[in-house]
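Shown next, in structure tokens, is the structure this report addresses.
The values are calculated or read from the model by the stated rules, or taken from the named source; none is laboratory data. Predicted, not measured: the structure shown is a model, and the values here were computed from it. Reconstructed Cβ throughout: ideal geometry from the backbone, glycine too, with neighbour counts over all protein chains shown. These accessible areas exclude ligands, DNA and RNA; they are computed on the full protein's heavy atoms, side chains included. Shrake-Rupley method; radii C 1.70, N 1.55, O 1.52, S 1.80 Å.
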Amino acid sequence: MSTEVESAQKAPTPEVLAEVEREHEEELVTAGDNLEALNRMRSQFFGPKGRITSLLRSVGQLPAEQRREAGARTNQLKQTLEAKLVVRINALESVEKEKELRRSRLDLTLPGRLAHPRGALHPVNRVIEEMVDILTRMGFELATGPEVELDWYNFEALNFPKDHPARDMQDTFFIASPDGKGTLEHVLRTHTSPVQTRELERRGAPLRIIAPGRVYRCDSDATHSPMFHQIEGLWVDEGVSMAHLKGVLTSFINALFGERGVRFRPSFFPFVEPGVEVDVGCVFCGGTGCRVCKHTGWMEILGAGMVHPKVLENCKVDPERYTGFAFGLGIDRVAMQRWGIDDLAHLFRSDVRFLSQL
Ligand code: FA5
């Protein structure tokens, strides 16, 4: 009996369905945008034990003639209400998903956590670039020459006769001949000056070149390295004089070091006449004298002079018509002075901990 009453109460009459619809409406309003509450509603109404599911089940208990209509009504209501709920749930879920995507979106432009350390130009190359920049703006062209050089270009054409004591100024690495006997014909160039003789012979005068590069001498202490760098300069033309030499070198040195004074002293190199050595006011003490400049207030940075007529002749340039000046500067020593490096060897050990301090 009680079952009958229960099923009669639960029977999906239009009134019962209207009641369920109203409840559904109210709960929908209460749940608002709360996704959890909406999902709870879904199981309350449409889950296996849900209100509408129970009503559908109860259709079977109705008298046969009522079943068809009651079933259709209940199904219709189920579809309408469930659709309303699902639309709301889907809309809220896609908003949530969107938010989640925004939160976790990959930003490919962010720097990586294990960023690779940035490389930099070696200090010697930085000085070379700066020198080349200054000198090319003065009208000098870049030239190069081989590091394994013929004795002729390195010495002989530069007016170092064979067995002349001037050769002792540059402790030389000789290259053995293929038969191993050693003809002393090839050397590792001891300075960049052979680029003068090669280019003069190849291109003749007028000529205005600079040639930076590696050179080699059998030298090794804090200020001497077996491999080091020089930059050569040569200007040959009609009427080039010592005044041009002084003007160009003074401007070059001032551009490189700032105006701290330039001093020209007489000196000897077989391939120039007259020859000079050029000093710049000490960058460490400003000229008052310190340990680095051996208390002279000056630091020697280059050798220079008027090209010897014999060199022009050796290169088939007429010394009656043309004159010129040349200079050669030790680049590594400039780097030493600029960064206060006390041992030249640091520059060539490739220790990044040292280089990254410069
Ligand atoms: C010469 O090499 C001449 N060719 C320079 C020259 C060119 C003179 C044109 C006249 C005309 P010297 O041997 O002085 O000159 O070397 C020039 C510079 O190279 C020196 O002032 C010094 O700065 C640098 N130097 C010489 N030997 C070494 C070395 N072992 N390690 C590092 N730097 C050195």
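Structure notes:
- Scanning region 27-39 for residues that are open to solvent by less than 50 Å² (accessible area, probe 1.4 Å) and under 60 Å from the mean Cα position of the chain (by Cα), we see that the one that is farthest from Leu17 (Cα to Cα) is Leu35.
This table checks each residue for (1) open to solvent by less than 50 Å² (accessible area, probe 1.4 Å); (2) under 60 Å from the mean Cα position of the chain (by Cα).
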position	(1), (2)
Ala11	yes, no
Ala18	no, no
His24	yes, no
Met41	yes, no
Ile52	yes, no
Leu56	no, no
Glu65	no, no
Leu85	yes, yes
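- Selection status of Ala243, aliphatic (A, V, I, L, M), exposed (fewer than 14 other Cβ atoms within 10 Å of the Cβ) and without any contact (Cβ under 8 Å) to a residue 40 or more places away in the chain: yes
- When residues of region 299-317 are limited to those that are open to solvent by 70 Å² or more (accessible area, probe 1.4 Å) and touching a residue at least 24 places away in the same chain (Cβ under 8 Å), the one farthest from the ligand (Cβ to nearest atom): Lys316
- Residue list for region 210-254, restricted to those being within 11 Å of the ligand (Cβ to nearest atom) and of a type in the set (Gly, Ala, Ser): Ala211, Ser220, Ala222, Ser225, Gly233
- Residue within region 106-119 that is in a loop (DSSP other than H, G, I, E, B) and of a type in the set (Lys, Arg) present: yes
- Any hit, region 158-180, residues being open to solvent by 30 Å² or more (accessible area, probe 1.4 Å), modelled with pLDDT of 95 or more and part of a loop (DSSP other than H, G, I, E, B): yes
- Where a residue in region 25-45 is under 14 Å from Val87 (Cα atoms) and its partner, wherever it lies, is outside any helix (DSSP H, G or I), with Cβ under 9 Å and at least six apart: Leu38/Gly32; Arg42/Gly50
- Residue match in region 51-62 (condition: under 30 Å from Lys97 (Cβ atoms), free of Cβ contacts under 8 Å to residues at least 60 places away in the same chain and among the hydrophobic types (A, V, I, L, M, F, W, C)): yes
- Test result for Ser267, over 23 Å from Val132 (Cβ atoms) and near the ligand (Cβ under 10 Å from one of its atoms): yes
- Criterion violated by Val334 - all others in (1) more than 10 Å from the ligand (Cβ to nearest atom); (2) among the hydrophobic types (A, V, I, L, M, F, W, C); (3) not in a loop (DSSP other than H, G, I, E, B) satisfied: (1)
- Number of the exception - Asp351 against (1) out of contact with any helix residue (DSSP H, G or I) (no Cβ under 6 Å at 6 or more places or on another chain); (2) surrounded by fewer than 18 Cβ atoms within 10 Å (Cβ to Cβ); (3) at pLDDT below 85: (3)
- Residues located in region 287-297, provided they are within 36 Å of the chain's Cα centre (by Cα) and either outside the structural domain of Gly233 (by TED's automatic domain parsing) or more than 13 Å from Arg338 (Cα to Cα) (or both): Cys293
- Criterion applied to Phe155, Phe160, Phe173 was being within 24 Å of Leu312 (Cα to Cα) and touching a residue at least 40 places away in the same chain (Cβ under 8 Å), and the one residue passing it is Phe160.
- Residue among Arg217, Arg208, Arg189, Arg260 that alone is among the basic types (Lys, Arg) and open to solvent by less than 30 Å² (accessible area, probe 1.4 Å): Arg189
- Criterion: more than 16 Å from the ligand (Cβ to nearest atom) and either touching a strand residue (DSSP E or B) at 6+ places or on another chain (Cβ under 7 Å) or aliphatic (A, V, I, L, M) (or both) - qualifying residue of Val187, Val148: Val148
- Sub-6 Å Cβ pairs linking a first residue in region 211-233 that is over 19 Å from Phe174 (Cα atoms) to a second residue that is open to solvent by 30 Å² or more (accessible area, probe 1.4 Å) and in a loop (DSSP other than H, G, I, E, B), at least 6 apart or interchain, are Ala222/Asp343, ordered by first then second residue.
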